[in-house]
Structures are given as C-alpha cells and as structure tokens.
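The structure under discussion appears below in the form of structure tokens.
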Amino acid sequence: MYVCGITPYDATHLGHAATYLSFDLIHRYSLATDKSVSYIQNITDVDDPLLERATRDHVSWANLAESQIALFRDDMTALRVLPPQHYLGAVETIPWVIEAIASLEKRGAIYRVEDDLYFDISSDGSFKSNSTLSVEEQKLIFAERGGDPDRSGKRNPLDCLIWRAHREGEPSWPSPYGPGRPGWHIECTAIALKYLTAPISIQGGGSDLHFPHHSMCAAQGRVLAGADFARRFVHTGMIGLNGEKMSKSRGNLKFVSVMRDEGIDPMLLRIALLSGHYRADREWSDRLLSESELRLNLWREAFSSPYGGHVEGLIMNISAAISDDLNTPKAFALIDEWAKNRIHSLVHAESSDSVNAIGQLSRYLDGVLGIAL
Ligand code: 5CA
Ligand code: ZN
C-alpha cells in the first residue's frame with residue numbers, strides 16, 4: 001500500500017488526520033488478519049507550496065519542512081497511527097526519480113520545454129479512460145493543483161512536469177538532464193515502484209488527489225512497469241469546516257497540535273474522525289467533538305462495569321463491519337449498544353470470565369481500531 005503523504009509547510013489539520021486514520025485502519029486490519037503488509041508513505045519535502053511559504057515567512061525551506069515533519073510525526077503518534085514501514089522524503093529519493101525519468105526517456109515518454117522535462121500522457125494509451133471528467137474540467141483542476149495547461153511548447157495541455165530546471169533562488173540537485181528538482185507526480189510513482197511491484201494493491205490519499213495526481217501516477221507507472229500501476233485507488237472524503245473543505249489555501253484549519261495543546265484527548269479526535277464513513281465528505285464541528293466525548297465516556301464506563309460477560313459476538317460483528325469497506329459508523333454503533341447493555345445489565349458475570357472478556361475486547365479494539373480505553 002502506498003499512501004500519499006504530507007507537504008510539510010504547515011501543521012497537520014483534521015483533514016490530513018482523518019485521511020491517515022483511515023489508512024491506519026486498513027494497515028491495522030491487514031496486520032490483524034495476518035496479511036503481510038508493506039506500507040509506504042512519502043513526504044513532499046520540496047515543492048512549490050513549501051518554497052513559497054518559506055519565502056513568505058523568511059525561513060529556510062529545509063528547516064520549515066523538518067519542523068513540520070517532526071510535528072506531523074508527534075501528531076500521528078498521539079492519534080495512535082501506526083507508522084508505515086517506509087517513510088521517505090522527496091529530497092532523499094531524487095536518485096530514484098532520475099532513474100525513473102531515464103526509463104521513461106528510453107520509452108520515448110518525455111520531452112523538453114526549454115530546460116524543463118515533461119511526461120507525455122499520450123505514451124500511456126489508457127490515460128483518457130482513467131478519469132470520468134471532461135478534458136475542460138481536467139484542465140481546470142490540473143491548473144488548480146499546480147499544473148500548467150497553458151504553457152506553450154507542450155504537446156498536450158495535461159502533460160505534467162517531471163523535472164523542473166533550476167531557477168534563481170530555488171534549491172536544485174544535479175542530474176543528467178541539468179540541475180533541477182522533481183515534479184510532484186513522478187515523486188510518488190518512483191518511490192512506490194522502488195518498494196512495491198506493479199500492480200500495487202492500493203494507492204491511497206484524499207479524494208482531492210484523484211485527478212490529476214493519481215491519474216498521472218497511474219499513467220507514469222503503467223509506462224514504467226508495463227503493467228497497471230495500482231489495483232485500487234482508495235480515496236478518502238474531505239473534512240470540511242463551516243461548509244468548505246478544510247484546506248491551507250482557504251485557511252479554515254483546525255490543527256491537531258493546537259487541539260492537543262488545548263488539552264483535548266487525541267483519542268477523542270480519533271473517535272470523532274472515524275465516526276463517519278471514510279469515503280464520505282464530512283463536516284467537523286464542536287458538536288461532533290462533544291458527542292465523541294459522551295461516547296468515549298460510555299465505552300469507558302462499560303469497561304469498568306462489573307456486569308455482563310461474553311464479547312465474542314461483538315468482536316465478530318465489528319470485524320464484519322470493518323471488512324465491509326471500513327464501516328466504522330456501524331462498528332461504533334455496535335460498541336455503543338454493547339456498552340449500554342453492559343452498564344444496564346444486572347447479571348453479575350463470573351468475575352474471571354468478565355475480566356478475560358474485557359481483556360480480549362480491549363486488545364481487539366486497541367489492535368484493530370487503535371482505540372485505547
Ligand atoms: N504531498 C501531497 C501528496 S503526494 C499532498 O497532497 N500533501 S497535503 O499535505 O496537501 O495533503 C496530505 C494528505 O491529506 C493528502 O492525502 C490529501 O488528500 C489529504 N487531505 C488534504 N486536505 C484534506 C481534507 N480537508 N480532508 C481530508 N483529507 C485531506
Ligand atoms: Zn502522492
């Protein structure tokens with residue numbers, strides 16, 4: 001599984017957190033069902049938004065990235081997200097990008113515009129069929145996500161930059177194509193194919209990455225590997241605040257680190273963000289947070305209740321819900337129901353059974369859902 005990681009120019013907000021929590025469930029579920037998992041995540045630690053923010057704030061881009069990556073890792077730990085097996089930055093993987101560009105060149109899939117290199121999307125015969133958007137819509141979204149559909153000299157407006165030649169004031173690295181830095185899409189394609197064999201099981205990220213990012217990875221990957229890049233593209237819904245997608249450009253952000261500093265239990269954030277279905281766009285609100293607090297208190301109370309016994313049925317039902325496209329709303333409703341029954345049960349279980357059952361359930365919730373009570 002390859003999941004698109006952060007661009008570390010600002011702190012982790014609840015939208016990022018929701019996305020990584022969803023993939024954490026897939027990771028945990030795979031580990032719990034004894035599948036061998038290779039989970040790779042990148043960090044886009046050199047790209048236009050990062051360089052722009054560093055210039056705006058008069059800080060070095062490398063220091064900005066380093067500090068935000070450290071904050072991201074602390075946030076993920078607090079949210080009990082298991083780390084991927086490999087976690088790689090764009091800067092440290094530049095040699096792999098250069099190798100990938102050389103392979104694309106051998107296949108006649110790249111060309112120059114001035115000193116920059118572009119990937120020719122027509123070299124992948126299936127590019128056109130991998131999106132349901134019209135070409136006009138694709139051009140608009142491509143431009144919004146850092147693309148340059150109107151640059152003259154390009155063969156196709158949607159061809160994407162894979163090597164950006166050095167510009168005054170920008171960092172660059174040597175390459176056979178002249179000094180420069182990697183384009184965004186080739187970064188993920190090259191890192192994924194270094195560790196995983198196409199077709200990889202999953203390329204994941206938020207739904208905002210569907211087009212162009214994952215379409216470009218699919219096309220570059222197919223040309224590089226001669227096979228489909230990924231069997232599945234998994235896209236998480238967008239977390240919104242006040243009716244709009246939470247995003248750095250809109251500035252309507254709730255940062256995980258700030259909320260932690262305010263004393264909010266990260267377990268509440270985990271429960272709140274997973275209480276909706278991962279594919280659905282969903283709204284953050286104070287109400288969601290207070291409902292999650294009631295829920296967490298209910299679950300904790302049930303865990304300390306001396307009453308009630310068996311948990312096998314509950315564990316089986318939660319597993320069925322999670323294996324059904326990560327149906328966390330259903331899984332949480334099952335725990336609610338169990339907790340209410342347990343609190344109101346007047347049947348005093350054999351105390352040893354009760355302790356064993358609670359231990360079993362606690363290990364299961366911890367292992368599979370990352371919920372510690
Ligand atoms: N570095 C690239 C991916 S290679 C990037 O998109 N970085 S990011 O920092 O902008 O986003 C990191 C992840 O959070 C991406 O998977 C993105 O789809 C997801 N994301 C961003 N905003 C939201 C949001 N409001 N709700 C849910 N997920 C989001
Ligand atoms: Zn990516």
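The values are calculated or read from the model by the stated rules, or taken from the named source; none is laboratory data. Bear in mind the structure is a predicted one, so any value in this text is a computation, not a measurement. Neighbour counts are summed over all protein chains in view; Cβ atoms, including those assigned to glycine, are modelled from backbone coordinates with ideal geometry.
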Report whether or not Trp284 is at negative phi, touching a strand residue (DSSP E or B) at 6+ places or on another chain (Cβ under 6 Å) and either hydrophobic (A, V, I, L, M, F, W, C) or assigned by TED's automatic domain parsing to the domain that holds Ser207 (or both).
-> yes
Scanning the range 17-38 for residues that are within 14 Å of ligand 2 (Cβ to nearest atom) and in contact with a helix residue (DSSP H, G or I) (Cβ under 8 Å, 6 or more places away or on another chain) gives Tyr20
When you go through Gly147, Gly125, Gly153 one by one, which is the residue that is farther than 30 Å from His58 by Cα, in contact with a strand residue (DSSP E or B) (Cβ under 7 Å, 6 or more places away or on another chain) and among the small types (Gly, Ala, Ser)?
-> Gly153
Of residues in the range 38-63 being surrounded by fewer than 17 Cβ atoms within 10 Å (Cβ to Cβ) and aliphatic (A, V, I, L, M), the one farthest from Leu88 (Cα to Cα) | Val59
Listed by range, helices (runs of 4 or more DSSP H) wholly within the range 180-283 having at least 3 residues that are within 13 Å of ligand 1 (Cβ to nearest atom) and touching a Cys at 6+ places or on another chain (Cβ under 7 Å) are 184-195
Evaluate the range 137-148: report whether one residue or more is within 24 Å of Leu21 (Cα to Cα) and either away from ligand 2 (no atom under 16 Å from the Cβ) or in the same structural domain as Pro212 (by TED's automatic domain parsing) (or both).
-> yes
State which residue is nearest to Gln203 (Cα to Cα) when the search covers only the range 38-50 and only residues that are of a type in the set (A, V, I, L, M) and touching a strand residue (DSSP E or B) at 6+ places or on another chain (Cβ under 9 Å).
-> Ile40
